Amino acid sequence: MSTESQTTRRHFLRASLLGGAGALCVPWALRRALAAGPDTATGRVISRVALTAGDDRADLAFKGLQAFKQSIAAAIGNKRVIIKPNNVAINNQLAASHAENLGGILEFLQSIGKRDAAIAESAADGPTLEGFANYGYNKVAEKYGARLLDLDQEGFELVYCFDETDFRPHPCRVSKVLLNPNNFIISAAKFKTHDRVVATLSLKNIVVGAPIKDPGFGWGPRAKPGAKSDKEITHGSGFRGINYNLYALAPRLHPHLSVIDGFEGMEGEGPTGGTPVAHRVCVVSQDWLAADRVALELMGIDFAKVGYLNYCGQTGLGEADLAKIQILGPALKEHVKPYRLAKNIEEQLVWRKPVKG
């Protein structure tokens, strides 16, 4: 293995302090792909997705981000950086974003001069900050000077979601932080199968994480009677409803940067009851749809089965055509690892069938 391919994020930071070129961190294959520019056949710039593979979770995120160093820095500008992890549960690490992945993202942000990022979430099943403590986010936040935000306490705006039981719009309280156009949103998602929409990746992490809940919502002795969560409203009371709502909310609630951690994915009864997959990969892109599309390919999941991403692709919210996505890094086919889908997969695919009158 060459010295260059062994370069870590720590080596990069040390080289930067000594005046070395930041590009040294990026493997040669990535730099060559970055220099390719527009698609020579069509003349247009195609979406780029960085794929990294290896045995250090934080380095995988850092190196993938480094492939887009200049464009990410330009896109952030003076915006506030919000890193949104996936905490669908507050005490199940396999279901949640890992602190090491967040550490790789924060180290990259510091390497481009962004030292005021926040880790922000509205956990699905309990107190957000308790989940942060359980997963070690407090330590990584302290190390990099990041703030920890409970989105349930940061204000909300009303958006409207479709419900397939009555075909009417329903109000949903959604985090002001994730709706704010002055914030730069990073989706720190995971590779996971799902029991309602086949797979949950970078877009769903933002859309379903954005609705807030009342203090005391959850299960167990600390639950408060009457406390509500608006997350279920986005699910639309069925497989058609949730796919449509994910698509309909995507124009306002999407990441500006996707970092999808596949170091250890989840297969089967996701998003919380599945089993681990040792995959050892990470996907990064400024085109969230392209990132999700590549992640599906790596998981061996047929894109045609994922309703909300098909809708997004059909209406031009990102690039869903794999032939028009440039992979920066190793060959995609070398890292495909088929994930077992949820047992109710055939029920989930009802979105592909017409509604009977």
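Worth pointing out:
- Scanning segment 202-246 for residues that are touching a helix residue (DSSP H, G or I) at 6+ places or on another chain (Cβ under 7 Å), of a type in the set (Gly, Ala, Ser) and under 18 Å from residue 307 (Cα atoms) turns up 202, 236, 241.
- Segment 82-108, subset surrounded by fewer than 24 Cβ atoms within 10 Å (Cβ to Cβ) and among the charged types (D, E, K, R), residue nearest to the chain's Cα centre (by Cα): 100
- Some residue of segment 171-191 being among the polar types (S, T, N, Q), surrounded by fewer than 15 Cβ atoms within 10 Å (Cβ to Cβ) and touching a residue at least 60 places away in the same chain (Cβ under 8 Å): yes
- None of 334, 346, 319 is of a type in the set (Asp, Glu) and within 20 Å of the chain's Cα centre (by Cα) except 319.
- Given (1) acidic (Asp, Glu); (2) without any contact (Cβ under 8 Å) to a residue 40 or more places away in the chain; (3) within 19 Å of residue 183 (Cα to Cα), number of the condition residue 142 does not satisfy: (3)
- From the list 76, 72, the lone residue that is out of contact with any Leu (no Cβ under 7 Å at 6 or more places or on another chain), at pLDDT 95 or above and among the aliphatic types (A, V, I, L, M) is 76.
- Scanning segment 266-286 for residues that are within 13 Å of the chain's Cα centre (by Cα) and surrounded by 22 or more Cβ atoms within 10 Å (Cβ to Cβ) yields 282, 283, 284, 285.
- Filter result (surrounded by 23 or more Cβ atoms within 10 Å (Cβ to Cβ) and either under 19 Å from residue 242 (Cα atoms) or among the charged types (D, E, K, R) (or both)) within segment 297-306: 306
- Residues satisfying the stated conditions in segment 61-91, i.e. in contact with a helix residue (DSSP H, G or I) (Cβ under 9 Å, 6 or more places away or on another chain) and assigned to a loop (DSSP other than H, G, I, E, B): 67, 68, 86, 88, 89, 90, 91
- Residues (surrounded by fewer than 18 Cβ atoms within 10 Å (Cβ to Cβ) and not basic (Lys, Arg)) located in segment 315-325: 315, 316, 321, 322, 323
- Pairs with Cβ under 7 Å, 6+ apart, first in segment 224-248 and touching a residue at least 60 places away in the same chain (Cβ under 8 Å), second surrounded by fewer than 16 Cβ atoms within 10 Å (Cβ to Cβ) and assigned to a helix (DSSP H, G or I): 239/347; 239/350; 240/350
- Residue in segment 138-160 that is among the hydroxyl-bearing types (Ser, Thr, Tyr), buried (at least 22 other Cβ atoms within 10 Å of the Cβ) and closer than 17 Å to residue 117 by Cβ present: no
- Failed condition for residue 130, given (1) surrounded by fewer than 23 Cβ atoms within 10 Å (Cβ to Cβ); (2) within 15 Å of the chain's Cα centre (by Cα): (2)
- Test: residue in segment 231-248 that is crowded, with 20+ Cβ neighbours inside 10 Å and acidic (Asp, Glu): no
- Residues that are under 15 Å from the mean Cα position of the chain (by Cα) and assigned to a strand (DSSP E or B) were ranked within segment 109-125; the one that is surrounded by the fewest Cβ atoms within 10 Å (Cβ to Cβ) is 120.
The values are calculated or read from the model by the stated rules, or taken from the named source; none is laboratory data. It should be emphasised that the depicted structure is a prediction, and the values quoted were computed from it without experimental measurement. Heads up, the Cβs are rebuilt from the backbone with ideal geometry, glycines too, and the neighbour counts pull from every protein chain shown.
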